[in-house]
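Notes follow the structure.
The values are calculated or read from the model by the stated rules, or taken from the named source; none is laboratory data. Owing to the predicted nature of the structure, the values given are computational and were not obtained by experimental measurement. All Cβ positions, even for glycine, are placed from backbone atoms using ideal geometry, and neighbour counts span all protein chains on display.
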Amino acid sequence: MTQVDLIYFNAGGGHRASALALQGVLNELQLPWNVRLVNLFEVIDPSQNFRRLTGNAPEDWYNRRLARGWTLGMSQELKLLQALIRLTHPTLVRKLHAHWRATQPNLVVSLIPNFNRALFQSLAQARPGVPYATVLTDLADHPPRFWIERGQRQHFICGTPRARAQALAAGHAPQRVHSTSGMILRPDFYRPPVADRAAERARLGLDPQQPTGLVLFGGHGSRAMLGIARRLPDVPLVLMCGHNQALARALAEVPARAPRHIVGFTSDVPRYMDLADFFIGKPGPGSVSEALQRGLPVVVSDNAWTMPQERYNATWIRERGVGLAYRSASGVAPAVAELLADLPAWRERASAHHNRALYEVPQILAGILRGARQGTGQPLADELVS
């Protein structure tokens, strides 16, 4: 049985969601693979010393900041984090080396940034010849040392031409840089749309005839949603609050002339997207890709509070004509008004974006494994799964 390890962590939620989606589709294909999810922090801190010292898991501070919208200054903090990772590199490599020796994977697939140097080097030392692939879960890299490291004979799986160009510019061989049609999405986003959209809207108290926006800022919500709700009193909205119950209560108190529907945590995001006509949120690669998959044009923030790794995303959105970006909180209403003025054309362009990455990545991984067995390091067509 071929052992395939998918590396993730819980910071932001998107890395774990991508790993779970990929594990699910690989299992469905009934390949002779044992696909394991590996939480990086459980490997490097198995005794949870960090949690005992601080009272929190390493990713908790990050997720709380996202929920509160405290993202200003993250560019500098990212540099400090990367410096700390470089400082602790020998320790990381030692712990990971022991993990690989104990678990004996045949393929390691990383869905996380920042740690790929230590992950790759430790695997190369412990398991020479075992292939290593990084699946970028962002639309582009944020160099240096974020997703794409120089000088490593690993594979990169890129969801945009920009990310592929970055990997090639970093000196990686073309046969080790693979392209997909987008980001990995959960299988739910490929299911048929809601059959009777008008009836479902009416059941939630929404007007079936009025264009409706869906506001989503990740699984923990964001206080930015309060400002959006106040600035769009005449626009029907579905407000997705995730685990943030305090935010849901605060949104319920915001005056509005148009109907609103507030949603707590749910795993059925595709259904709510089907009931909306456009998306409002931060330019996260996951949520933007999910919205486009369900045919929703997007309105996203693009300012000093945008996380550094997501700043290219607004450019990508504008270049493809699938949405608009606003700089300040006061800009959301004009952006929504511009989109509503020609909504059918915006929706047509959004619906033309076809993303099959969830089903393309398994073919790439199968080719990488085949190439490793042949000693070439290159994917071969006869290993690809259908």
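Considering the range 278-310, and only residues there that are charged (D, E, K, R) and either out of contact with any Pro (no Cβ under 8 Å at 6 or more places or on another chain) or touching a residue at least 40 places away in the same chain (Cβ under 8 Å) (or both), the residue that is farthest from residue 184 (Cα to Cα) turns out to be 282. Looking at residue 209, is it free of Cβ contacts under 8 Å to residues at least 24 places away in the same chain and under 13 Å from residue 277 (Cβ atoms)? For residue 209, the condition - free of Cβ contacts under 8 Å to residues at least 24 places away in the same chain and under 13 Å from residue 277 (Cβ atoms) - is met. State whether the residues of the range 294-308 include one that is buried (at least 22 other Cβ atoms within 10 Å of the Cβ) and part of a helix (DSSP H, G or I). No, the range 294-308 contains no residue that is buried (at least 22 other Cβ atoms within 10 Å of the Cβ) and part of a helix (DSSP H, G or I).
Step by step: first the residues of the range 207-222, then only those that are within 17 Å of residue 287 (Cα to Cα) and modelled with pLDDT under 95, then the one that is surrounded by the most Cβ atoms within 10 Å (Cβ to Cβ). Which residue is that? So the residue we want is 221. The strands (runs of 3 or more DSSP E) falling completely within the range 101-183 that include 1 or more residues that are farther than 24 Å from residue 43 by Cβ and under 23 Å from the mean Cα position of the chain (by Cα) map to 155-158, 177-179. With respect to the stated conditions, residue 153 is touching a residue at least 60 places away in the same chain (Cβ under 8 Å) and farther than 28 Å from residue 290 by Cβ. Take the range 118-163 and flag every residue that is in contact with a helix residue (DSSP H, G or I) (Cβ under 9 Å, 6 or more places away or on another chain), more than 15 Å from residue 100 (Cβ to Cβ) and among the basic types (Lys, Arg). Passing the criteria: 145, 153, 162. Sort out which residues of the range 265-280 are outside any helix (DSSP H, G or I) and either of a type in the set (Phe, Trp, Tyr) or buried (at least 24 other Cβ atoms within 10 Å of the Cβ) (or both), and write them in order of number. Within the range 265-280, 265, 276, 278, 279, 280 qualify.
Contact map, the range 97-124: first residue assigned by TED's automatic domain parsing to the domain that holds residue 157, second residue among the charged types (D, E, K, R), Cβ cut-off under 6 Å, separation 6 or more or different chains; pairs are 100/127; 105/5; 108/5; 116/149; 117/149. Can you confirm whether the range 342-349 contains a residue that is within 25 Å of residue 268 (Cβ to Cβ), touching a residue at least 12 places away in the same chain (Cβ under 8 Å) and surrounded by fewer than 16 Cβ atoms within 10 Å (Cβ to Cβ)? Yes, some residue in the range 342-349 is within 25 Å of residue 268 (Cβ to Cβ), touching a residue at least 12 places away in the same chain (Cβ under 8 Å) and surrounded by fewer than 16 Cβ atoms within 10 Å (Cβ to Cβ).
Filtering 197, 223, 201, 176 for residues that are outside the structural domain of residue 372 (by TED's automatic domain parsing) and within 27 Å of residue 16 (Cα to Cα) leaves a single hit, 223.
Of the residues examined, residue 193 is not one that is assigned to a loop (DSSP other than H, G, I, E, B), without any contact (Cβ under 8 Å) to a residue 60 or more places away in the chain and not aliphatic (A, V, I, L, M). Find all pairs meeting these conditions: Cβ atoms under 9 angstrom apart; at least six residues apart or on different chains; first residue within the range 81-96 and assigned to a helix (DSSP H, G or I); second residue at pLDDT below 90 and exposed (fewer than 12 other Cβ atoms within 10 Å of the Cβ). If the second residue must be at pLDDT below 90 and exposed (fewer than 12 other Cβ atoms within 10 Å of the Cβ), the pairs left are 82/144; 95/46. Show the residue pairs meeting these rules: Cβ distance below 9 Å; 6+ apart or different chains; first residue within the range 216-241 and acidic (Asp, Glu) and part of a loop (DSSP other than H, G, I, E, B); second residue surrounded by fewer than 21 Cβ atoms within 10 Å (Cβ to Cβ) and modelled with pLDDT of 95 or more. Cβ pairs passing all conditions: 234/256; 234/257; 234/258. Go through the residues of the range 137-155 one by one and say whether even a single one is within 26 Å of residue 95 (Cα to Cα) and in contact with a Leu (Cβ under 7 Å, 6 or more places away or on another chain). Checked the range 137-155: at least one residue is within 26 Å of residue 95 (Cα to Cα) and in contact with a Leu (Cβ under 7 Å, 6 or more places away or on another chain).
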